[in-house]
Amino acid sequence: MSSRLYMVVLMELHNQVRDSRLQLELTQETLASMVGVTRQTIIAIEKGGYTPSVELALKLARALQIPMEQLFWLDEDREGSSS
């Protein structure tokens, strides 16, 4: 019986939903209505306490007029970047 070692890499998902929302002068309530969720969901996403589904992430990116990969990123995606 062979054993396999699986390495789990935990990376934190980050986002700029709040900054993008404020840049467009949208309230949390307005953004929530635009993408079909509650204001509490937007709050949780902005605080990093909730990871949106792919569908919701795409809706947020469209509503906030920003590419999804700029709206959401993992730790390793921005290592060494100057942004």
Among 20-27, 42-49, what's the highest-first ranking by average C-beta atoms within 10 angstrom per residue? 42-49, 20-27
For the stretch 13-74, the Debye formula with one identical point scatterer on each Cα and no solvent gives log10 I(q)/I(0) at q = 0.17, 0.22, 0.24 Å⁻¹ as -0.45, -0.80, -0.98
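Laboratory data are not the source of any read-out in this text; all were calculated from the coordinates shown. Since the structure is predicted, the reported quantities are computational estimates derived from the model, not experimental observations. FYI the Cβ positions are ideal-geometry reconstructions off the backbone, even for glycines, and counts take in every protein chain you see.
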